Amino acid sequence: MTDSLLFCAFMLLLGTFISSISQVMLKKAADKHYDSAIKEYLNPLVIGAYSIFILSTFMSILAYKGIPLSMGPILEATGYFYVTFFGVKIFGEKLNRGKIIALALIIVGIVAYSFG
Amino acid sequence: MNKENRKFLIYLHILLVVYSLSAVCSKLASVEKFLSFRFCLFYGLVLFLLALYALCWQQIIKHLPLTFAYANKAITVVWAILWGMLIFGEKLTAGKVIGAVFVICGIVLYALNDVEDSGSVSTGVKPDRTDDEGGASDD
């Protein structure tokens, strides 16, 4: 892998990470009670989440300057790690053996794809 | 699976093709000058396709088991490989095929384990869902 390929891959990984954060923010917002429908959408959490999401779309465009299209969904599968982490840490979701095996398969797949 | 389910499964897969095309538009935008007409066109298409995807996904998951719908999302790996080869002339190697198979198996297994045990779904790497999940505890 060249330096620019690494940089672009990193951009996509970072974009996937921040879009997982935006998911957590939307989930947090969905759990709250709002007085009006407008406040349900126009509040700092939701606006922040969508701003981060827009930023992540720009980051993926930057990433695609250097990485092949086929690598996009492969690297984006790292999102399952962040979502699992936030799910357990913030939302008290349970981690089971199946999920751990699934995450292991994903990481093996990403490594195999990257060097294959 | 009944006839009604099958109809929505087909809708789901059409939708996943639409979703995969948003990445094609990202790739097309990436070679254009930032904020040029063609950049804005392709970026606009990216946002349009993602919004369309989010709206239709919400409707389709009303008619299909959520785990099943999430497991099917793994197909986007295949579409990206196919579009990469057909549109951008990307090469596929044995190592990449093996890697992609592992990732697909991982995504399917993750989705199947997500709902079965906890009754909640935390999958999905884009903010495309607003359905309320169970298990939230800290508010």
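What the table shows:
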quantity	calculated
Boolean, residue A:100 is in a helix (DSSP H, G or I) and not acidic (Asp, Glu)	yes
Those helices (runs of 4 or more DSSP H) lying entirely in segment B:16-95 with at least 3 residues within 11 Å of another protein chain (Cβ to nearest Cβ) and touching a residue at least 12 places away in the same chain (Cβ under 8 Å)	B:37-60, B:75-88
Residues being at the interface with another protein chain (Cβ under 7 Å from one of its Cβ atoms) and either modelled with pLDDT under 95 or part of a helix (DSSP H, G or I) (or both) - total across segment A:63-73	3
Which numbered condition residue A:18 fails, given (1) more than 9 Å from every other protein chain (Cβ to nearest Cβ); (2) more than 19 Å from residue A:83 (Cα to Cα); (3) in contact (Cβ under 8 Å) with a residue 40 or more places away in the chain	(2)
Selection count where residues are more than 13 Å from the chain's Cα centre (by Cα) and either at the interface with another protein chain (Cβ under 8 Å from one of its Cβ atoms) or under 22 Å from residue B:95 (Cβ atoms) (or both), scope segment A:74-96	6
Only listed residue being of a type outside the set (Lys, Arg), over 20 Å from residue A:116 (Cβ atoms) and crowded, with 18+ Cβ neighbours inside 10 Å, chosen from B:35, B:50	B:50
Flag if residue A:64 is in contact (Cβ under 8 Å) with a residue 60 or more places away in the chain and surrounded by 14 or more Cβ atoms within 10 Å (Cβ to Cβ)	no
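The values are calculated or read from the model by the stated rules, or taken from the named source; none is laboratory data. These figures come from a predicted structure and were not determined experimentally. Virtual Cβ from ideal backbone geometry, glycine too; neighbours counted across all protein chains shown.
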